[in-house]
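Single-structure report; data block below.
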Amino acid sequence: MKNFLLFLSIFTSFGLFAGDLKEDLKNASSDSDKISILSEMGKSGDSKFVKPIIEQLEKGESSKIRSQAASSLGDLKSGINELQKAFDNDDVYVREASIDALARIGNAKSQSHFEKGVKDKSEKIRFFSVQGLSKTGRSGNASIFRSALDWKDKNTQLAAIRGLGNINAWDEWKYVKPFCSNQDKDYVLACLYSAGKFKTDDSLSAIEGLLANTDNEISKEAFNSISNFKPTQVIPTLIRFKKANPNHPNLVSLGDNLKKLKAAKQYAIINVSDRLNLRSQANERSEVITGLAGNSVVEILSREPRKYIITNSKGEEMEDFWYQVKTSEGKKGYLFGEYIHVVDSY
């Protein structure tokens with residue numbers, strides 16, 4: 001009973017405190033007090049404070065008060081129209097705070113303001129505008145993001161990397177790719193995020209190279225990014241990863257992912273340095289259907305019940321099974337077991 005009363009007392013006190021912020025703002029006599037209260041309103045996450053904050057953004061006497069009001073609206077993800085108006089009409093400090101708030105909100109309604117902001121003479125406004133565009137941009141903004149990659153502000157560069165991925169312009173990957181090998185983990189994470197958005201064979205290759213990274217955050221982001229690709233693209237990458245990393249901690253979740261992708265139970269990785277002939281029948285004299293590149297992955301359909309002996313190019317005899325397989329293009333044929341590595345998907 002005592003614990004309940006204590007909880008009720010704390011809860012009631014908190015409710016009164018939260019409600020009193022409006023009165024406190026009305027009664028505050030100094031700028032510093034108003035700024036402090038506005039900050040608390042923003043941090044509260046409570047939408048009931050939006051109206052009094054907007055009033056301070058529009059009517060606050062000092063620039064510092066209006067700037068804090070703009071920042072608090074960004075915290076509450078509200079007041080887009082009022083923030084845009086402040087950006088269009090107020091002084092540089094309020095405009096900087098307003099565009100920062102709009103960038104954090106990231107609503108497409110502000111896209112034109114971000115496009116205007118990247119040309120502003122204020123460096124901060126340019127930076128925040130790129131960060132906003134990274135969430136709301138379109139293909140026509142590619143040149144803005146490319147330019148921002150050279151700006152000397154890390155957060156803006158990171159936003160530009162993500163922005164190029166978000167606009168789904170596959171030909172922009174070449175500008176993002178170098179960041180996947182950056183020494184700074186933040187750039188690598190941003191690059192991986194965009195690699196999953198580009199969804200090209202080259203961006204998939206960059207992700208594949210980071211799946212087994214010793215940094216768990218990078219490895220996790222690589223797995224997140226790869227989930228954006230089509231199953232036919234992803235499965236070979238995951239199978240190669242499983243072969244190369246038999247003791248990796250992500251193998252359990254990898255198996256679950258392969259099940260979700262409706263992967264077959266067995267795959268074969270071509271274990272030759274050049275190309276391996278896919279044959280129409282389970283013997284070395286049958287017609288060649290196509291050549292398969294080394295390290296490529298095919299689905300195993302079945303295994304012949306008996307082993308065969310064949311002679312390789314060096315005159316050596318090898319005994320193994322013939323496997324019927326299917327390529328990613330849907331071609332079916334046979335491969336000799338000595339030239340492949342069989343991997344169970346789960």
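The values are calculated or read from the model by the stated rules, or taken from the named source; none is laboratory data. The shown structure was predicted, so the numbers you read here are calculated from the model rather than taken from an experiment. Neighbour counts are summed over all protein chains in view; Cβ atoms, including those assigned to glycine, are modelled from backbone coordinates with ideal geometry. Heads up: the accessible areas ignore ligands, DNA and RNA and are worked out on the full protein's heavy atoms, side chains in. Shrake-Rupley method; radii C 1.70, N 1.55, O 1.52, S 1.80 Å.
Data table
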quantity: Residues being open to solvent by less than 20 Å² (accessible area, probe 1.4 Å) and among the hydroxyl-bearing types (Ser, Thr, Tyr) - total across region 161-186; calculated: 0
quantity: Number of the exception - ILE239 against (1) open to solvent by less than 30 Å² (accessible area, probe 1.4 Å); (2) closer than 18 Å to GLY337 by Cβ; (3) assigned to a loop (DSSP other than H, G, I, E, B); (4) not hydroxyl-bearing (Ser, Thr, Tyr); calculated: (3)
quantity: Scope region 82-99; condition within 18 Å of LYS135 (Cβ to Cβ) and either surrounded by fewer than 23 Cβ atoms within 10 Å (Cβ to Cβ) or among the aromatic types (Phe, Trp, Tyr) (or both); matching residues; calculated: GLN84, PHE87
quantity: ASP46 farther than 23 Å from ARG138 by Cβ and open to solvent by 20 Å² or more (accessible area, probe 1.4 Å); calculated: yes
quantity: Every residue from region 293-321 that is open to solvent by less than 40 Å² (accessible area, probe 1.4 Å), assigned to a loop (DSSP other than H, G, I, E, B) and free of Cβ contacts under 8 Å to residues at least 40 places away in the same chain; calculated: GLY294, ASN312, PHE321
quantity: Test: GLN84 is modelled with pLDDT of 95 or more, within 26 Å of the chain's Cα centre (by Cα) and among the polar types (S, T, N, Q); calculated: no
quantity: Where a residue in region 74-90 is within 21 Å of SER44 (Cα to Cα) and its partner, wherever it lies, is among the charged types (D, E, K, R) and open to solvent by 10 Å² or more (accessible area, probe 1.4 Å), with Cβ under 7 Å and at least six apart; calculated: GLY74/ASP100; GLY74/ARG104; ASP75/LYS43; ILE80/LYS109; GLU82/GLU58
quantity: Yes/no for ASN247 being open to solvent by 40 Å² or more (accessible area, probe 1.4 Å) and modelled with pLDDT of 90 or more; calculated: no
quantity: Residue that is nearest to THR232 (Cα to Cα), among those in region 272-300 that are of a type in the set (Asp, Glu) and modelled with pLDDT under 95; calculated: ASP274
quantity: Residue within region 328-339 that is surrounded by 12 or more Cβ atoms within 10 Å (Cβ to Cβ), of a type in the set (S, T, N, Q) and closer than 30 Å to SER253 by Cβ present; calculated: yes
quantity: Unique residue being open to solvent by 30 Å² or more (accessible area, probe 1.4 Å), touching a residue at least 12 places away in the same chain (Cβ under 8 Å) and either among the basic types (Lys, Arg) or in a loop (DSSP other than H, G, I, E, B) (or both) when the list is GLN281, GLN233, GLN324; calculated: GLN281
quantity: Residue that is farthest from GLU96 (Cα to Cα), among those in region 37-83 that are out of contact with any Asp or Glu (no Cβ under 9 Å at 6 or more places or on another chain) and of a type in the set (Ser, Thr, Tyr); calculated: SER47
quantity: Yes/no for LEU189 being crowded, with 22+ Cβ neighbours inside 10 Å and touching a residue at least 24 places away in the same chain (Cβ under 8 Å); calculated: yes
quantity: Residue that is of a type in the set (Lys, Arg) and on the phi > 0 side of the Ramachandran plot, where the choices are LYS64, LYS77, LYS116, LYS51; calculated: LYS77
